[in-house]
Structures are given as C-alpha cells and as structure tokens.
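The values are calculated or read from the model by the stated rules, or taken from the named source; none is laboratory data. All values derive from a computational prediction rather than experimental measurement. Every residue, glycine as well, gets a Cβ built from its backbone with ideal geometry; the counts of neighbours run over all protein chains shown. Just so you know, the surface numbers come from the protein's heavy atoms only, side chains and all, with ligands and any DNA or RNA stripped out. Shrake-Rupley method; radii C 1.70, N 1.55, O 1.52, S 1.80 Å.
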Amino acid sequence: FQHSSSSNSKRNMTMAPRLPNLCGLFLFATSTCAFHNPISPIRHPKQHGTLLNNARVDLSEYASRDINYMQEWAYNCGVQQAEGLQLTSHDEWFDIYAMATTDVPAGTCVMYIPSNMFLTSYGAKQEFGEQEKAETLIGNLGGADQFPMFYLFVKVLVEYERGEESAWYPWLNSLPRTFNNGAAMTPSCYECLPPLAAKLCMEERVKCINCRQALKSVEFVSDESKKDEELLKWIFNVVQTRSLEVDGERIIVPMVDMLNHESSGHEVDVSYDEEGSCVVYANTDVPAGSPLRMSYGDYYLTNPSATFAKYGFIDHTCPSTFCKMMDIIPSTELREIGLSFSRMLFYKDTGEVSPEVYDVLLYQILSENWQVQKEFYNACMNGDEATKSAYHQQYLGQTMNKLKKHVDSFLLDLDKLSEKASTKDLAEHSRLPMIIAHNDFVRQTFMNVKSQIDPIAAQYT
C-alpha cells in the first residue's frame, strides 16, 4: 500500500511528525479495544500469580527468534506493510533488519502500526496504578525522568511472566536474547574501555540497577522474577534498546523496533497520524536490496560511543566522533564556543578536525593573558572570522602541539586497554570482543587524525 503520488500527499508525508495522543495509548483498558488479540485475553495483574506455570519465552543465549510467528501476529493485529518490505538477517537471525525487496519511491508508506499495539509507559501506569514507593526510590537514585522507563520495564516484565497468555508473546519471542550494551557488561568490561565509553556504559548499568531495586516494592511481580538478575537485565535491555521517547514518555512500537539505525542518511522516518498510530515512510528513493533504516536520534549522529553504550553495536556509518577530551574543566564561555560532545569532532574517514576543537584548545592556551582571551572569545561569539583566524594563525604551533599531545596520549591509552582486555577470560566476559572492536574503531579515527596533524605539528617542533 502506498500514499498518493500527488504533490499534496507527498508534502503531507514530509511534514514534522505528529506525536501520538498518549492519553489514548494505555492498552487493553476495556474489552472493546480495537486491537484484535489472536491469543488469549490479558488478565489483571492481581491475577498474575495464577500464570506462573505458563510457558514463557526461552531466554537461553541460542534460542531462536521466531520472526515468522511475530509477523503473522502483527498482521492479525492490524499492521500493514508495503510489499517491498522484508525482515531479513545476515548473521543467522541474530540481528534482524528491514530491507526493500523492490524499488521504494520517496514518500511511500512502508509500514503502519495501530496505536493500540504499542506498549507505553503511560499505559503501564494506568494499568498498574502509581507505584509510589518505586517512584520515590527511582527519583532519589536517578531522577524523575527515569519514571517512564521504569513503568515500561514493569509492563514488559509482567507480559513476560504471563507467558503464552500475553497478547505480546509473539513479539517477545521474536526479540534477541543477547545484548552487548553497557547494562549487559560486567564491571571488568568497563576497565577495558576509554573514559567516555566507560562512563556511558556504567550509566546504563546504574539505570538497570535502579529499576531492579525499585521493582522490589511492586507487589504484583513474583518474587521469582525479582530475584532473577539475568531476566531483569534482559527486560531492561529490551526496554532501553527498543523504545522510543515521545513527549517525555516511552513507547515500544512492535515491528518498528526491528528497524536499524543509520547516521549518515537513513532511508525512513517515523511519524504518527491523528489517532496516534505509527506510520513509517520512505524519505528518499530506496533501490531494491537496500536496508530500510531510521535514526535513533540526533544525539547518536556524532557520538558512536553513546550508541555502543545504549544499544550495544558499533555504528560504522557515523561520520565523526567526539574528540575524547575529557579533562577540560567546563565553563560557560567554553560551552558557548564549542565544548560539547556533538561539536568537538574528529572525522572518521578524512581525519579532519572540527573548528570547535581548535577554538576550545586556543581558548585554554590564551588563559595566561585574560585580555587576549576575552578578545578571542568575543570574536568567536560575534562571528568575527578575521580576528579568529589571526589568533589561530599566531598560536597555530601551540594549538597543534597541544592537539598532537592529546591524540598520541589517547592512542597509547588505547594500546594499554587492549593489552588489559587480552588478559581477561572470554568465557566470563563475553562482551570483550565487541569492546575490542569498539576500541579499534576509535583507534582508526584517531590514526586518521594523527596523519593529518603530525606534518603540521612537525613544522613547529
């Protein structure tokens, strides 16, 4: 199925996405819900204890992902997809992604998912009621912005416990069993990562621990599940890697969660219609045989370490990465001229360095002369390129040597991290190969930068 090719229809498809009316997204609140449930009706969570012996999703590492049953379930629930869309895999169904099997013109609606299929944090809170003790704990440990993640965490866990009686069982049974992100790592894994990646991965682990701690006060979840650390890690990773943030809430849209991420030019965008249902449409002409990928958010377009920490994969499509200068003491002035993960960039393929890196380094160098530093800052803020260029030219030797020192030092640190990783037991720390691959990815970027700056720095040695 495809939207009209008229100019008006195409213009509508490229408008800013409509966000769903979350007040209408709590699921199965009444027996008249439009979502056709091909399995059995959902029971109230207070009846949950009667379902403990029901067959559940097999979470063993090599359990197969039942994609065919999930797609049949999705069709029965009202999902529509273009004939040119296919879910496929290149690694024996460990990673599953969407691909175009025919040419897909820009503006084509490739997937439609009715809103009452969604799993939502708002709906979970409506279904289970406000969990005051859990909210207090989560608020103290991580802040109120983690409430939506916690409620969706509880929702997915309850559906897992319901086993085959859950309306979402086919979807749960299609999910990956293994994750390689920060929450799935052991503390020893963080020792093998550079500072930024280690920090981001540990933050994911802390969020997971916060959810597990808060779960202790939720009465309708079984004690068996509360004590199962591996299960709770899996539930957390499902929520963290497959949910979207919409108006401060968390939602999981089955089928859309099968779309992979692309940083350098994704093929599809996600929007919502007036009823809150999800519409996925091609934003460019997609040739047959090409993947259909979305963007997971602007934050991940220049920070592959953040993508690795949250989602557990290395984004080789990311054209740049943060320069890893973690020892700079931030100030208002530094932030205003470019101190940011998304602005101080090294470019992966070319080895180019973003102007903000040079601006921040020079601002630090000028700290010994307050008046000169202020003049340079004003030039940056006022767009006075002539004055900026003059200062950069005057202090180019110092700036390049400072940059070279950082790059060389970071490359030595990466070598030490690789050496440390080689001493770890792979059987105990199964994510180490992915960690080493991440470090090698970063190393290649830094080596490309080094090849660009070394000849210039050598002129001032």
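Once Lys and Arg get +1 and Asp and Glu get -1 on their Cβ, which of 108, 390, 279 lies farthest toward the positive end of the dipole of the chain?
Sorting the options by dipole projection puts first 390.
Over the Cα atoms of segment 382-461, what Rg and Dmax result, in angstrom?
18.1, 58
Go through 402, 348, 324 and list them by solvent-accessible area, largest first, probe radius 1.4 Å.
402, 348, 324
Any idea what the relative contact order of the chain is, in percent, if you count C-alpha pairs under 8 Å spaced at least 6 apart?
18 percent
If Lys and Arg each add +1 and Asp and Glu each add -1, what is the summed charge of the other residues whose beta carbon sits under 11 Å from the beta carbon of residue 355?
That sum, taken over residues with Cβ under 11 Å, equals -2.
Using Cα centres only, tell me the gap between segment 321-389 and segment 135-153 in whole Å.
A separation of 36 Å, based on Cα centres.
Evaluate the charge dipole of the chain about its Cα centre and quote only its size in Debye, nearest 20, assuming +1 on the Cβ of each Lys and Arg and -1 on the Cβ of each Asp and Glu.
580 debye
Round to a whole number: what % of the accessible area of the chain belongs to carbon and sulfur, probe 1.4 Å?
Exposed carbon and sulfur together represent 49 percent of the surface.
Ranked highest first by average number of other Cβ atoms within 10 Å, how do 368-375, 212-219, 391-398 line up?
212-219, 391-398, 368-375
Can you compute the charge dipole magnitude of segment 130-243 about its Cα centre, using +1 on each Lys and Arg Cβ and -1 on each Asp and Glu Cβ, nothing else charged? Give it in debye, rounded to the nearest 20.
340 debye
Under 17 Å Cα to Cα from residue 324, which lysines show up? Leave out anything in the same chain fewer than 8 places away.
Counting by Cα, and skipping residues close in sequence, residue 324 has these lysines nearby: 199, 348, 402, 404, 405, 416, 450.
Looking at segment 420-460, which chymotrypsin sites (Phe, Trp or Tyr not before Pro) are DSSP coil and have at most 13 other C-beta atoms within 10 Å of their C-beta?
Listed in order of number, the matching sites are 460.
Okay, helix-only estimate at 222 nm for the chain: each DSSP H run of n ≥ 4 adds -39500 (n - 2.57), divide by all residues, round to 500 deg cm²/dmol; what do you get?
Calculated at 222 nm, the ellipticity per residue is -13500 deg cm²/dmol.
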